[in-house]
1. I need every pair where a residue in the stretch 255-271 that is in a loop (DSSP other than H, G, I, E, B) has its Cβ under 6 Å from the Cβ of a residue that is surrounded by 11 or more Cβ atoms within 10 Å (Cβ to Cβ) and among the aromatic types (Phe, Trp, Tyr), sequence separation at least 6 or different chains.
2. Of the numbered conditions (1) within 16 Å of the ligand (Cβ to nearest atom); (2) of a type outside the set (Ser, Thr, Tyr); (3) farther than 17 Å from Asn58 by Cβ, His228 satisfies every one except a single condition; which is it?
3. Can you tell me which of (1) crowded, with 17+ Cβ neighbours inside 10 Å; (2) touching a strand residue (DSSP E or B) at 6+ places or on another chain (Cβ under 6 Å) is the one Ile140 doesn't meet?
4. Only one of Pro116, Pro143, Pro162 is at pLDDT below 85 and either more than 16 Å from the ligand (Cβ to nearest atom) or in the same structural domain as Gln88 (by TED's automatic domain parsing) (or both). Can you tell me which?
5. With Thr17, Thr63 as the choices, which residue is part of a loop (DSSP other than H, G, I, E, B), closer than 26 Å to Leu161 by Cβ and modelled with pLDDT of 90 or more?
6. Look through the stretch 146-159, keep the residues that are within 10 Å of the ligand (Cβ to nearest atom) and free of Cβ contacts under 8 Å to residues at least 24 places away in the same chain, and return whichever of them is farthest from Gln13 (Cα to Cα).
7. For the stretch 182-202, does any single residue satisfy the condition of being assigned to a helix (DSSP H, G or I), surrounded by fewer than 17 Cβ atoms within 10 Å (Cβ to Cβ), within 16 Å of the ligand (Cβ to nearest atom) and more than 21 Å from the chain's Cα centre (by Cα)?
Amino acid sequence: MTRWDEILSLPVQNPSTMEFAACDLVWSKIEGHCDNMDRLALIPFPRVDDFVRGEANNKDCPTRFHVEARRTRSTKVPYKPKVDGILQYILYWCSFGPDDHRKGGVVRPSRASYVPKKSSAGRPSTKRGCTCHFIVKRLIAKPSVALIIYNQDKHVDKKGLPCHGPQDKHAVGTRAMYAPFISEEFRQRVISLLHVGIPVETIMQRHNESVEKQGGPSNANDLITHRHVRTQERNIRRSRYELDDDDDVSLDLWVERNKNIVFFHEEFSDTGPFLLGIQTEWQLQQMIQFGNGRLVALDSRFGTHKLKDLSSVL
Ligand SMILES: [Zn+2]
């Protein structure tokens, strides 16, 4: 069989879990360029994000993957049908690389203008020369699937040594032990707390208390800073909600802009006031996780805010 016949006849793997990682897939070795053996797997294209998230939540080496390069074939330009033609090429790279801003590390020539920041002890640079990366290709011959080519799946630097995570002894006590960013779930939780008016100081105090109780930081979320929470708070405060002098128009504009968190909207009528149901992503996830399809608690407040009546449903 030729290389592409072999690739196209691989099974499409679709794990039933919300997210999945390389260890949940069976990898096939097929001869690639220069006699190298490529490690390949096919997954449904819409599940690429689930794979990227699963790979980032690696227990042994938590990280994040960013898009280092992307090429998309223009649909307007005609092309000869070729068995190996690709619609899309995406290169995902571990966010601790590919550049190396550690002492003596190598930075690609295109980024040579980079001037190392004066990093205080608490904030070492996140680029540590990690070589871990994978390629996602969407094939013309089979656009519903994503071909993943994963030849460098170890979080090591050019010398082959662990360069972040618990295996890297230089990372001990620094942020490089953990994922380079706080988790989306944690971010949503902080935003939800800010949205209901809990002050930054209170959030940080409770957070620090709970981290202390568990015996120190154990992930990136635990290392969240005052500054980060303050920035989120400022973003919320600066986001405008009075979009028009006319309240009715203002409300419609706001609903239009915040479609993703509005689940119910009924306008003023002769028989009743307007109703607006808002649910942030974090609240939705909490409801799915803890509501168990059975219980929803309702907390109504009257006159505690400038709003006359605010009901929180969890
Ligand atoms: Zn890495």
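1. Once the first residue is in a loop (DSSP other than H, G, I, E, B) and sits in the stretch 255-271, its partners that are surrounded by 11 or more Cβ atoms within 10 Å (Cβ to Cβ) and among the aromatic types (Phe, Trp, Tyr) give Glu267/Phe274; Phe268/Phe274.
2. The single condition His228 does not satisfy is (1).
3. (1)
4. Pro116
5. Thr63
6. So the residue we want is Lys154.
7. No, the conditions are met nowhere in the stretch 182-202.
Results for (1) within 27 Å of Arg128 (Cβ to Cβ); (2) surrounded by 15 or more Cβ atoms within 10 Å (Cβ to Cβ); (3) not small (Gly, Ala, Ser), shown as yes or no for each residue.
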site: Leu10; (1), (2), (3): no, yes, yes
site: Thr17; (1), (2), (3): no, no, yes
site: Pro44; (1), (2), (3): no, no, yes
site: Val48; (1), (2), (3): yes, yes, yes
site: Glu55; (1), (2), (3): yes, yes, yes
site: Lys59; (1), (2), (3): yes, no, yes
site: Ser74; (1), (2), (3): no, no, no
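The values are calculated or read from the model by the stated rules, or taken from the named source; none is laboratory data. Just so it is clear, the model here is predicted, and its values are computed rather than measured. Note: ideal-geometry Cβ built from the backbone for every residue, glycine included; neighbour counts use all protein chains shown.
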